[in-house]
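To keep things clear, I will list the structure first and then write my remarks on it.
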């Protein structure tokens, strides 16, 4: 506790507050972190979490050498935007291949996956495949070849959708953490914030 002059009122650290005032102080800071104090640093923080989680799900090589904040990103893929509230989507642009997404169920017929951001649906997933050189005398019909390629493409698309789902979930968890009681306590202690006796923040 310390006295502020010339008005002679007292302010307290978090640990000096009575239990109910301490609870009020933490709740108040948590609300501010998720509201008035939400800024571009928080947006960048969530974006980094999303990209790192996506890279982990896709099996992007080298990700284990980096933390979320230092990870340089998925080569050839850019996160252009996200909305984890109303629309619940990620907007990604780029191409996935065997090098930057080794965990996908690649097959000889599938060549790559093109990701295109859309205004309302997040990311359009286009799995491309190569039907290969066909011998005109072979018994297999082109329709059969295309059907097999389509089945392989569907498996890859499902795997990409699952990776996007994991990335969105990680982003939501990070958003929740930013405005959590734990984050509020860390903020208070790191910035040495003080409070009035009732738990109201002293500015």
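See the values below:
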item	result
Answer from 35, 59 - the residue that is under 16 Å from the mean Cα position of the chain (by Cα) and modelled with pLDDT of 90 or more	59
Single residue of 156, 144 found to be at pLDDT below 95, surrounded by 16 or more Cβ atoms within 10 Å (Cβ to Cβ) and either assigned to a helix (DSSP H, G or I) or touching a helix residue (DSSP H, G or I) at 6+ places or on another chain (Cβ under 6 Å) (or both)	156
Condition met for residue 69 (exposed (fewer than 13 other Cβ atoms within 10 Å of the Cβ) and on the phi > 0 side of the Ramachandran plot)	no
Residues of region 178-199 that turn out to be under 20 Å from the mean Cα position of the chain (by Cα), assigned to a helix (DSSP H, G or I) and surrounded by 15 or more Cβ atoms within 10 Å (Cβ to Cβ), as a count	2
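The values are calculated or read from the model by the stated rules, or taken from the named source; none is laboratory data. As the structure is a computational prediction, the values presented were derived from the model and not from experiment. Positions of Cβ are backbone-derived with ideal geometry, glycine not excepted, and every protein chain shown enters the neighbour counts.
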